[in-house]
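A quick write-up on the structure given underneath.
The values are calculated or read from the model by the stated rules, or taken from the named source; none is laboratory data. Quantities reported herein were computed from a predicted structural model and do not represent experimental measurements. Counting neighbours? That spans all protein chains shown, and the Cβs are built from the backbone with ideal geometry, glycine included.
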Amino acid sequence: MCGIVGYIGRREAAPLLLESLRKLEYRGYDSAGIAVLNSGKVAIRRCEGKLGNLEEILARSSLPGTIGIGHTRWATHGRPSETNAHPHRAGDIVVVHNGIIENYLELKEQLSRLGSRFESETDTEIVAHLVDAKLSNGADFLTAVRHSLKEIQGSYALVFLNQRDPERLIVAKNSTPIVVGWGEGETFIASDIPALLDYTRKVTFLEDGEVGEVTAKGLRVLNGKGKAVQRAVKEITGDAVAAQKGGYRHFMLKEIHEQPRALTDTFRGRISLKEGDVSLEGVPLARIHVVACGTAWHAALVGKFMLEEIAGIPAEVDYGSEFRYRSPLIDSRSLLLPISQSGETADTLAAVELGRKRKAKVVSICNVVDSSLARKSDGVFYTRAGPEISVASTKAFSTQLAALYLFAIGLGRLTGRLQRSEAKRLTEDLLCLPHQVEEALKLEGDLEALSRELSSATDFLYLGRGINYPIALEGALKLKEISYIHAEGYPAGEMKHGPIALIDERMPVVVLLPKDRYFQKTLGNLKEVESRGGKVIAVTDQADGAIDAAAYRVLTVPRASYFLTPIVLAIPLQLLADEIAVHRGTDVDQPRNLAKSVTVE
Ligand code: AGP
């Protein structure tokens, strides 16, 4: 997820672009850059790292001009560097982009054969070359953009600057947001509203497939067929900070709701696993060691079921903080699979150090391009969840599970255990997942009263079986880390071996019981709890009279495939923890004693 901005009008563009980018830095901060057109010449300034670096560059060498574009990057293709920083240029065309061009490699090959020379590793740069080539063949600016978009597959919010045309910017949108702000004799472009609120509250949102011609007088919108369409000008109310959180009360809730999009981005263009950033060829497969911490460790536990049942490869799971102390049987025949949102967790990195010393191949699942973990890995399967700001991990967790699922399918095909037809069925199940998560998110409205009632509890139990037991652990972790209520996740079958002594009417017990192979046994555990006065909150994927008869409350999520049910079950647990924490007045995004990335052992 990146932040893009544009400006055309009567004021100096550079300071406005910089200020707007500052409001979008939450969308990514791997690199930044702006381009300004002045007296027929485009000047570009770019830097690796945060916006502050760009500010220093501009302080030393300003960019005069009243039309320009800017970008703050969250890297998806190509490591964070000045070369890969946007804006990207080809001839007279300069472009900034938020999104993923799925077919960029084949377009890059086509353009290279036609003589294009590329500087960067990014997918975005090919777009500048596409448009410039059409411009050079005599097309006008708008037509060159429209025709180029027909060759592109994927998601994009694009802003184009043409060195030969100081009167307009061209914008284009497909499944990634872009908003145009109307000023007096000036017009603003941004990925998100916060970047506009200092200048205007009159905005127009582009729809998918639309292209816009932006001048100092305003915006003209064309649909996919090139026909002019009317787009409403909306008045924005509310404060900028709320807008930065997209109107959500805090980042955690925003990120919980971003999961359908994050899942789509994570598997977009990878279902064939060709572009999966994981070279499965030559990967040693005697056994897999999955190592992680916290929520990522819960993902690893679910991943064990996927790797063993889909790919048929033994998978051991360890906490990063424990792995190196148990003298693991890891060697050159092993694959070490660290999972980390930040890629900076010291315990996980320490496990990687040991793995490398033992000559194991390291392929990681990570959410931050070029993080320490990425740089220490032989291969990286990036989740594309976008920056996860809230300390409590949610969208990174669900995309880690999606990545493990894809990885298991790829390994299953590699080892020959998985027939193509079965792999196709499994990938089709994944395509249904974003919608299932979207449906599960609708439970948010039903949780307010229940959460208020449960927020005074001092202890919670979360129970699950099999592949869903790790989700019981995850639900407990979500609750304890943001509401400070003690909570434990347990295998449902373990209750009778001790923990059932804890049950009384003050103890809420969340029981995960989708209609899967474990249903009847888990229903039995639910009844054991209920018969001892426990308050059961059942989470299921199919209404059932027996559950209704025994549970205090039933939360029903959409039915998903066996391996993907954990992701859908996690949604109400995330929402419940969030809602309870709000009732308890804790700082949901920055809970006490915690940090987003634990860089100490
Ligand atoms: C999860 O909500 C916590 N914030 C924490 O357990 C986290 O998952 C853990 O510290 C691992 O972080 P990583 O994924 O960045 O390695």
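Rundown of residues vs (1) surrounded by fewer than 18 Cβ atoms within 10 Å (Cβ to Cβ); (2) without any contact (Cβ under 8 Å) to a residue 60 or more places away in the chain; (3) closer than 30 Å to residue 266 by Cβ, yes/no style:
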position: 30; (1), (2), (3): no, no, yes
position: 40; (1), (2), (3): yes, no, no
position: 46; (1), (2), (3): no, yes, yes
position: 51; (1), (2), (3): no, yes, yes
position: 63; (1), (2), (3): no, yes, no
position: 68; (1), (2), (3): no, no, no
position: 73; (1), (2), (3): no, no, yes
position: 77; (1), (2), (3): no, yes, yes
position: 80; (1), (2), (3): no, no, yes
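Counting only residues that are acidic (Asp, Glu) and touching a strand residue (DSSP E or B) at 6+ places or on another chain (Cβ under 7 Å), which one in the range 304-324 is farthest from the ligand (Cβ to nearest atom)?
Checking each candidate, the answer is 308.
Do you know which residues across the range 315-348 are among the hydrophobic types (A, V, I, L, M, F, W, C) and surrounded by fewer than 20 Cβ atoms within 10 Å (Cβ to Cβ)? Explain how you work it out, then say what you get.
Filtering the range 315-348 for residues among the hydrophobic types (A, V, I, L, M, F, W, C) gives 315, 317, 323, 329-330, 335-337, 339, 346.
329, 346 - these are the residues of the range 315-348 that are among the hydrophobic types (A, V, I, L, M, F, W, C) and surrounded by fewer than 20 Cβ atoms within 10 Å (Cβ to Cβ).
Taking the residues in the range 170-204 that are under 25 Å from residue 101 (Cα atoms), polar (S, T, N, Q) and assigned to a strand (DSSP E or B) as candidates, determine which candidate is modelled with the lowest pLDDT.
To start, the set of residues in the range 170-204 that are under 25 Å from residue 101 (Cα atoms) comprises 170-180, 188-193, 195, 204.
Then drop every residue that is not polar (S, T, N, Q), which leaves 174-176, 191, 204.
Then keep just the ones that are assigned to a strand (DSSP E or B); that gives 174-175, 204.
Details: 174: 92, 175: 80, 204: 95.
Only one residue fits best here, namely 175.
Give the range 459-481 a look and list any residue that's of a type outside the set (Lys, Arg) and farther than 21 Å from residue 519 by Cα, or say none.
Step one: filter the range 459-481 for residues of a type outside the set (Lys, Arg), giving 459-464, 466-477, 479, 481.
Across the range 459-481, the qualifying residues are 459, 460, 477, 479, 481.
From the list 313, 288, 339, which one is assigned to a loop (DSSP other than H, G, I, E, B) and among the aliphatic types (A, V, I, L, M)?
From the options 313, 288, 339, the qualifying one is 313.
Each row is one residue, and each column tells you yes or no for (1) within 15 Å of the ligand (Cβ to nearest atom); (2) farther than 17 Å from residue 566 by Cα; (3) without any contact (Cβ under 8 Å) to a residue 40 or more places away in the chain.
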{"position": "478", "(1), (2), (3)": "yes, no, no"}
{"position": "487", "(1), (2), (3)": "yes, yes, yes"}
{"position": "498", "(1), (2), (3)": "no, yes, yes"}
{"position": "506", "(1), (2), (3)": "no, yes, no"}
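Only one of (1) surrounded by fewer than 24 Cβ atoms within 10 Å (Cβ to Cβ); (2) farther than 27 Å from residue 395 by Cα fails for residue 525. Which number is that?
Every condition holds for residue 525 apart from (1).
Could you please give the count of residues in the range 205-228 that are modelled with pLDDT of 95 or more and outside any loop (DSSP other than H, G, I, E, B)?
Going through the range 205-228 one residue at a time, the tally reaches 11.
Which residue pairs have Cβ atoms closer than 9 Å, lie 6 or more positions apart in sequence or on different chains, and pair a first residue in the range 427-450 that is touching a residue at least 12 places away in the same chain (Cβ under 8 Å) with a second residue that is loosely packed, with under 14 Cβ neighbours inside 10 Å?
427/272
Residues of the range 468-510 being buried (at least 17 other Cβ atoms within 10 Å of the Cβ) and either in contact with a Pro (Cβ under 6 Å, 6 or more places away or on another chain) or in a loop (DSSP other than H, G, I, E, B) (or both), which ones?
468, 469, 471, 481, 482, 485, 490, 503, 507
Does residue 554 satisfy being β-branched (Val, Ile, Thr), away from the ligand (no atom under 15 Å from the Cβ) and within 22 Å of residue 473 (Cβ to Cβ)?
In short, yes.
Considering only residues that are out of contact with any Leu (no Cβ under 9 Å at 6 or more places or on another chain) and within 12 Å of the ligand (Cβ to nearest atom), which ones fall in the range 575-600?
589, 590, 591, 593, 594, 595, 596, 597, 598, 600
Please state which of the following conditions residue 205 fails to meet, knowing it meets all the rest: (1) in contact with a Ser or Thr (Cβ under 9 Å, 6 or more places away or on another chain); (2) hydrophobic (A, V, I, L, M, F, W, C); (3) in contact (Cβ under 8 Å) with a residue 24 or more places away in the chain.
Exception for residue 205: condition (1).
Residues that are of a type in the set (D, E, K, R) and either modelled with pLDDT under 95 or within 20 Å of residue 261 (Cα to Cα) (or both): which helices (runs of 4 or more DSSP H) entirely in the range 359-449 hold 2 or more of them? Step through it out loud before you land on a result.
Working: elements: 372-375, 395-415, 420-440.
Hits in the range 359-449: 395-415, 420-440.
Let me confirm something: among 294, 343, which residue is among the small types (Gly, Ala, Ser), modelled with pLDDT of 95 or more and within 16 Å of the ligand (Cβ to nearest atom)?
294
Taking residue 456 as the residue in question, decide whether it is outside any helix (DSSP H, G or I), away from the ligand (no atom under 16 Å from the Cβ) and out of contact with any Gly (no Cβ under 9 Å at 6 or more places or on another chain).
Yes.
For the range 370-390, give me each residue that is crowded, with 23+ Cβ neighbours inside 10 Å, within 14 Å of residue 30 (Cβ to Cβ) and in contact with a Cys (Cβ under 7 Å, 6 or more places away or on another chain).
Within the range 370-390, 382 is the sole residue that qualifies.
Out of 72, 122, 83, 76, report the one residue that is under 20 Å from residue 188 (Cα atoms) and either in a loop (DSSP other than H, G, I, E, B) or within 20 Å of the chain's Cα centre (by Cα) (or both).
Answer to the selection: 72.
Among the residues of the range 386-397, what is the count of those that are within 13 Å of the ligand (Cβ to nearest atom) and closer than 18 Å to residue 369 by Cα?
7
Residue by residue through the range 342-357, note down the ones that are touching a strand residue (DSSP E or B) at 6+ places or on another chain (Cβ under 7 Å) and either on the phi > 0 side of the Ramachandran plot or part of a loop (DSSP other than H, G, I, E, B) (or both).
343
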